[in-house]
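Visitor: Attaching a single structure in structure tokens format; questions to follow.
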Amino acid sequence: MNSTIPDYIQELTYYSGRLNFTEFLKLLSQRFPGHITFSTSFSFEDQVIAHEILGNDLPITLFTLDTGRLFAETYSVWNSTNEKYHTSIKAYFPDFRQLENFLQQKGPNAFYESVENRKLCCHIRKVEPLKRALQGNQIWITGLRAEHSPDRQHHELIEWDAANNIVKYNPLLHWTTEQVRQYIDLNNVPYNPLHDKGFVSIGCAPCTRAIRPGEDFRAGRWWWEDAGKKECGLHLNAN
């Protein structure tokens, strides 16, 4: 796929608004066999999508970004997901040379010291591995939800990701937290127990905390930074 926005986006947008979640996933898997992938962080939202893909045996690959600093609970739900659906979700890791240089030059907790350091850490541990994971694919499925932050309300169900040169599909963009929880309960889907402890958005352990009553959904991520637009760089293209 070249850098030109593909002409089939308009067609996919049309069908995404007329087919239900499962039907549209099936359409995508038929239209783009071998070139459609889903990135999971094993969050509530991602577990819903994983259940749809794996439960319906759709030919869509799944991968995760193992930053090396995930919560133990995240690894547990990763393992439970593999066991329940008899699968093996592929992991992409940071480039060891970049990571070694970062740690040697700046230290293991440099992300607390400046926004610049934090963004560099995110780039090494997430953004660069993501680009490798997306290579060769035409459709990238994500668990983005508009409810998670004001910036994410500007996303579309189907959109062009210029940074990664790929079509992005955000099936749960307009789902509420209650809808996600109901789906998880109804289908007995494995989920991260940190969600029951006030964690809404779960990333790396040093950079994530539970939110307090009344706090914004993203308050638990990089809480030491000023409030506002706080992203790791994975979903900035459409904001």
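Visitor: Are there any pairs with C-beta distances below 9 angstrom linking a residue in the stretch 101-127 that is closer than 16 Å to R221 by Cβ to a residue that is among the hydroxyl-bearing types (S, T, Y) and not in a helix (DSSP H, G or I), with the two at least 6 apart or on different chains, and if so which?
Guide: So the pair list comes out as C121/T67; C122/T67; R125/T67; K126/T67.
Visitor: While we're on this one: Answer yes or no as to whether Q47 is at pLDDT below 95 and in a helix (DSSP H, G or I). Step through it out loud before you land on a result.
Guide: Numbers: at pLDDT below 95: no; in a helix (DSSP H, G or I): yes.
Taking the combined requirement at face value, the residue does not satisfy it.
Visitor: Within the stretch 1-38, take every residue that is touching a residue at least 40 places away in the same chain (Cβ under 8 Å), under 16 Å from N170 (Cα atoms) and small (G, A, S) and give me the one that is surrounded by the most Cβ atoms within 10 Å (Cβ to Cβ).
Guide: S16
Visitor: So which of Q138, Q98, Q104 ends up being under 24 Å from I53 (Cβ atoms) and over 15 Å from the mean Cα position of the chain (by Cα)?
Guide: Values: Q98 fails: under 24 Å from I53 (Cβ atoms); Q104 fails: under 24 Å from I53 (Cβ atoms).
None of the other options fit; the residue is Q138.
Visitor: In the stretch 171-214, what residues are over 27 Å from E156 (Cα atoms) and in contact with an Asp or Glu (Cβ under 7 Å, 6 or more places away or on another chain)?
Guide: P193, L194
Visitor: While we're looking at this one, here's another question. For the stretch 70-93, which residues satisfy the criterion of being within 16 Å of the chain's Cα centre (by Cα) and assigned to a loop (DSSP other than H, G, I, E, B)?
Guide: F71, I89, F93
Visitor: Applying the selection to the stretch 60-110, what residues are among the basic types (K, R) and loosely packed, with under 13 Cβ neighbours inside 10 Å? I'd like the intermediate steps shown before the answer.
Guide: Going residue by residue through the stretch 60-110, those that are among the basic types (K, R) are 69, 84, 90, 97, 106.
Answer for the stretch 60-110, where residues must be among the basic types (K, R) and loosely packed, with under 13 Cβ neighbours inside 10 Å: K90, R97.
Visitor: Condition first: more than 12 Å from L157 (Cβ to Cβ), hydrophobic (A, V, I, L, M, F, W, C) and over 21 Å from the mean Cα position of the chain (by Cα). Now tell me which residues in the stretch 2-27 satisfy that.
Guide: Restricting attention to the stretch 2-27, the residues satisfying the condition of being more than 12 Å from L157 (Cβ to Cβ) are 2-8, 10-11, 20, 22-23, 25-27.
Now drop any that are not hydrophobic (A, V, I, L, M, F, W, C), which leaves 5, 25, 27.
Passing the criteria: I5, L27.
Visitor: Also, quick follow-up: Residues that are in contact with a Cys (Cβ under 8 Å, 6 or more places away or on another chain) and either over 17 Å from N170 (Cβ atoms) or at pLDDT below 95 (or both): does the stretch 72-92 have at least one?
Guide: Checking the stretch 72-92: not a single residue is in contact with a Cys (Cβ under 8 Å, 6 or more places away or on another chain) and either over 17 Å from N170 (Cβ atoms) or at pLDDT below 95 (or both).
Visitor: Could you grab the pairs with beta carbons closer than 6 Å, sequence gap of 6+ or different chains, first residue in the stretch 128-150 and under 30 Å from G214 (Cα atoms), second one acidic (D, E) and not in a loop (DSSP other than H, G, I, E, B)?
Guide: G143/E45; G143/D46; R145/E45
Visitor: Could you tell me whether G68 is in contact with a Phe, Trp or Tyr (Cβ under 8 Å, 6 or more places away or on another chain), farther than 21 Å from R221 by Cβ and in contact (Cβ under 8 Å) with a residue 12 or more places away in the chain? Quick ask: steps written out before the conclusion?
Guide: On the way: in contact with a Phe, Trp or Tyr (Cβ under 8 Å, 6 or more places away or on another chain): yes; farther than 21 Å from R221 by Cβ: no; in contact (Cβ under 8 Å) with a residue 12 or more places away in the chain: yes.
No, not satisfied.
Visitor: Determine which member of the set P171, P190 is touching a strand residue (DSSP E or B) at 6+ places or on another chain (Cβ under 8 Å) and part of a loop (DSSP other than H, G, I, E, B). First the steps, then the outcome.
Guide: Details: P190 fails: touching a strand residue (DSSP E or B) at 6+ places or on another chain (Cβ under 8 Å).
Result: P171 is the single residue among P171, P190 that is touching a strand residue (DSSP E or B) at 6+ places or on another chain (Cβ under 8 Å) and part of a loop (DSSP other than H, G, I, E, B).
The values are calculated or read from the model by the stated rules, or taken from the named source; none is laboratory data. This one's a predicted model, so the numbers in the text were calculated from it and none came from an experiment. Cβ atoms come from the backbone with ideal geometry, glycine included; neighbour counts cover every protein chain shown.
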